[in-house]
Amino acid sequence: NAGVMQNPRHLVRRRGQEARLRCSPMKGHSHVYWYRQLPEEGLKFMVYLQKENIIDESGMPKERFSAEFPKEGPSILRIQQVVRGDSAAYFCASSWEGRGLGELFFGEGSRLTVL
Amino acid sequence: AQSVSQHNHHVILSEAASLELGCNYSYGGTVNLFWYVQYPGQHLQLLLKYFSGDPLVKGIKGFEAEFIKSKFSFNLRKPSVQWSDTAEYFCAVISDNAGNMLTFGGGTRLMVKP
């Protein structure tokens with residue numbers, strides 16, 4: 001089985017532009033989680049999705065950030081009007097069981113740099 | 001809310017030295033505990049996990065961790081490290097008071113000198 005696939009691996013944006021990060025979960029997994037890792041900090045939970053549903057977005061900033069996991073295609077984390085503070089590594093994880101009861105499998109991350 | 005503390009941010013050891021990385025969590029209810037490792041340039045991988053049963057958990061690559069409920073701790077150990085253990089290690093907790101979301105500690109960067 002292919003693992004969790006994230007793209008792009010590296011993304012550079014100027015302030016004010018939009019960033020779109022994509023995540024394809026492992027085959028058979030219907031639960032997707034997004035985490036953000038700021039420099040010198042641990043991973044912070046952002047959002048938990050199932051197909052076509054946002055289950056928990058308690059870790060998402062209230063503005064500019066959105067996430068979706070459509071019926072077909074990858075999950076997308078979208079950041080509008082990026083600012084320098086958005087520069088971070090964004091990790092996607094998937095699981096077969098929900099609510100983290102099973103093991104989470106992580107992608108290699110997407111590193112966003114905002115100039 | 002759940003929080004996880006890893007007190008050692010950077011650890012430098014020589015090969016064959018013993019390793020112990022500390023992990024403490026804040027919630028005293030039902031918890032599931034994990035250690036993940038991130039090798040340079042790679043994704044996070046699960047080292048070991050504790051759900052219930054024997055509090056001494058064996059993981060991959062010779063790692064083990066001990067769940068001590070009275071101390072709210074889940075320290076990671078390895079008797080003899082190798083250069084290839086150079087990586088960042090993350091402790092993580094799922095608790096029933098945090099929506100069962102996986103909460104990570106800040107990570108510990110381990111460098112093993114050959």
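The values are calculated or read from the model by the stated rules, or taken from the named source; none is laboratory data. Bear in mind that the values here come from a model prediction, so they are computed numbers and not experimental data. All Cβ positions, glycine included, derive from the backbone under ideal geometry; neighbour counts span all protein chains shown.
Key figures for this structure:
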{"item": "Given (1) within 14 Å of another protein chain (Cβ to nearest Cβ); (2) within 28 Å of B:Trp83 (Cβ to Cβ); (3) modelled with pLDDT of 90 or more, index of the condition B:Tyr25 fails", "result": "(2)"}
{"item": "Hits in region B:18-77 (condition: assigned to a loop (DSSP other than H, G, I, E, B) and of a type in the set (Phe, Trp, Tyr))", "result": "B:Tyr27, B:Tyr39, B:Phe51, B:Phe63, B:Phe72"}
{"item": "Residue within region A:31-38 that is charged (D, E, K, R) and either surrounded by fewer than 14 Cβ atoms within 10 Å (Cβ to Cβ) or in a loop (DSSP other than H, G, I, E, B) (or both) present", "result": "no"}
{"item": "Yes/no for A:Glu108 being at the interface with chain B (Cβ under 10 Å from one of its Cβ atoms), within 21 Å of B:Phe90 (Cα to Cα) and surrounded by fewer than 17 Cβ atoms within 10 Å (Cβ to Cβ)", "result": "no"}
{"item": "Selection count, region B:39-58, where residues are more than 14 Å from chain A (Cβ to nearest Cβ) and crowded, with 18+ Cβ neighbours inside 10 Å", "result": "0"}
